[in-house]
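A.B. asks: The structure's right below; bear with me while I get my questions together.
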Amino acid sequence: MTLSYGYEKNDTGVTLTDRYGEAEGVVEVPGEWKGKTVTAIGEELFRGEKKLTAVILPPTVVSIGWWALRDCVSLKEIRAEGPLKEIGYRAFSGCTSLTSVDLPETVEHIGEAAFWGCSALKRIRLPEKIRVLRNRTFYGCRHLTDVELPPNLRAIEWGAFEHCAGLRSLTVPESVTKIGSNALRECGGLKELNLADGTEAISEHLFGHRKLPPLERGYIPNAVIDRWEEDAAVILSLCYLTTMERHSEDERAMYEDYIFSRADSILTAAVETANLPALEGLYHLGLPGESDIDGWIDRANDLRCRDVVVSLLAYKHRRFGRRSAADSVAAVFALGDFEL
């Protein structure tokens with residue numbers, strides 16, 4: 001079906017403001033309409049078009065408006081050659097079939113929540129001209145695994161990757177000096193996080209109010225922001241405990257001195273995040289000790305951390321060889337997976 005459009009003039013040409021007809025399959029946006037150059041896609045132009053599978057933008061379009069393609073649930077491809085510069089607020093939010101996005105290097109601005117709820121999105125590379133990753137840009141992109149941030153990025157705002165459970169690693173460029181609260185909230189699959197020394201303003205709620213994810217690799221600087229310095233050192237210690245064999249003797253001495261000086265904090269983080277590899281590293285260091293092992297079993301029991309209860313019980317009986325009535329209760333809670 002041939003589409004027709006309403007339009008209004010802008011500073012460089014016209015903006016397509018209305019669409020007449022159902023958008024189905026692949027839609028090629030015209031580069032010229034009524035003898036005028038099309039330079040912008042207006043607000044909500046294709047919003048909610050459930051049969052739309054691909055949009056091809058002409059090389060004249062510089063701006064995609066607010067909600068322009070929101071809730072186009074069958075959309076799989078966006079093709080833009082440039083000089084596209086601006087993507088508006090929630091422009092692609094709810095596009096649940098979109099798996100990857102290739103943005104031209106001309107893009108300078110991506111609006112807040114632009115890809116909110118793009119649950120199938122797996123890969124995106126952000127253009128080099130992007131300076132700020134706006135609030136909740138990738139909120140709810142739960143299958144997002146491959147993100148390449150631009151080398152000159154300056155800030156990551158709050159909730160940028162919130163609820164991105166599939167995110168496994170993230171390397172933040174040295175140019176970033178600010179990361180907002182909840183930027184990595186509910187990123188339970190995160191295993192590697194690399195931050196540069198220049199990252200000075202890191203929100204103490206980077207991971208939200210939830211406990212830290214069980215990181216296995218990464219580097220986090222000692223940024224002095226509220227509780228961040230202590231949190232960062234604890235995260236680094238958890239990373240070390242899962243990769244002890246990879247470190248030099250000097251690194252081991254440095255980490256283990258810190259771990260013994262902050263044993264309660266590190267044990268708390270390992271137990272409350274159910275980080276079993278880190279717990280195994282702590283057992284190797286003789287932590288927790290015989291006098292407080294029962295307290296940690298009780299703590300795990302209170303938290304209903306079944307796997308942690310099993311792990312702590314096994315360590316207790318392997319290292320100290322004694323049993324108590326509390327062990328029987330804990331073993332019952334662990335659904336019989338541990339045999340006394």
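None of the figures in this text is laboratory data; all of them are computed from the coordinates on show. Keep in mind the model is a prediction, meaning the values are calculated, not measured. Here the Cβ is made from the backbone with ideal geometry for all residues, glycine too, and neighbour counts use every protein chain on show.
A.B. asks: Rank-order 164-170, 37-43 by packing density, defined as the average count of other C-beta atoms within 10 Å over each peptide's residues, highest first.
C.D. replies: 37-43, 164-170
A.B. asks: A further question follows. Calculate how steeply helix 263-272 sits against the longest principal axis of the alpha-carbon atoms of the chain, using the helix alpha-carbon long axis, and give the answer as 0 to 90 degrees to the nearest 10.
C.D. replies: 60
A.B. asks: Modelling each spin label as a point 7 Å along the Cα-to-Cβ direction, I'd like the residue 32/residue 265 distance in nm, to one decimal.
C.D. replies: Using points 7 Å along Cα→Cβ, the separation is 6.7 nm.
A.B. asks: Moving on. Sorted by packing (mean other beta-carbon atoms within 10 Å per residue), highest first, where do 135-143, 70-78 land?
C.D. replies: Result, highest mean Cβ count within 10 Å first: 135-143, 70-78.
A.B. asks: About its Cα centre, how strong a charge dipole does the range 1-121 have in debye, to the nearest 20, once Lys and Arg get +1 and Asp and Glu get -1 at the Cβ?
C.D. replies: 220
A.B. asks: Relative to the first principal axis of the alpha-carbon coordinates of the chain, what is the inclination of helix 228-242, with its axis defined by its Cα atoms, in degrees from 0 to 90 and to the nearest 10?
C.D. replies: 70
A.B. asks: Two-decimal Rg/Rh of the range 1-121 from alpha-carbon positions, Kirkwood Rh?
C.D. replies: My calculation puts Rg/Rh at 0.93.
A.B. asks: A further question on this structure: To the nearest 20 debye, what is the magnitude of the charge dipole of the chain about its Cα centre, counting +1 on the Cβ of each Lys and Arg and -1 on the Cβ of each Asp and Glu?
C.D. replies: Charge dipole, the chain, about its Cα centre: 900 debye, nearest 20.
A.B. asks: Here is a follow-up. Once Lys and Arg get +1 and Asp and Glu get -1 on their Cβ, which of 64, 48, 164 lies farthest toward the positive end of the dipole of the chain?
C.D. replies: Of 64, 48, 164, it is 48.
A.B. asks: Mind checking which of 269, 100, 258 is farthest towards the positive end of the chain's charge dipole, using Cβ charges of +1 (Lys, Arg) and -1 (Asp, Glu) about the Cα centre?
C.D. replies: Of 269, 100, 258, it is 100.
A.B. asks: Something else about it: With angles folded into 0 to 90 degrees, how steeply does helix 306-319 sit against the dominant principal axis of the chain? Use alpha carbons for both and round to 10.
C.D. replies: Helix 306-319 sits at roughly 30 degrees to that axis.
A.B. asks: Quick one: the Cα spread of the range 1-63 along its three principal axes, in angstroms, biggest first?
C.D. replies: Each principal axis gives a Cα extent; for the range 1-63 these are 32, 19, 19 Å.
A.B. asks: Packing-wise, with mean Cβ within 10 Å as the measure, how do 109-117, 150-158 rank, highest first?
C.D. replies: Result, highest mean first: 109-117, 150-158.
A.B. asks: Rounded to the nearest 500 deg cm²/dmol, what is the calculated helix-only ellipticity per residue at 222 nm for the chain, with -39500 (n - 2.57) per DSSP H run of length n ≥ 4?
C.D. replies: It comes out at -7000 deg cm²/dmol, rounded to the nearest 500.
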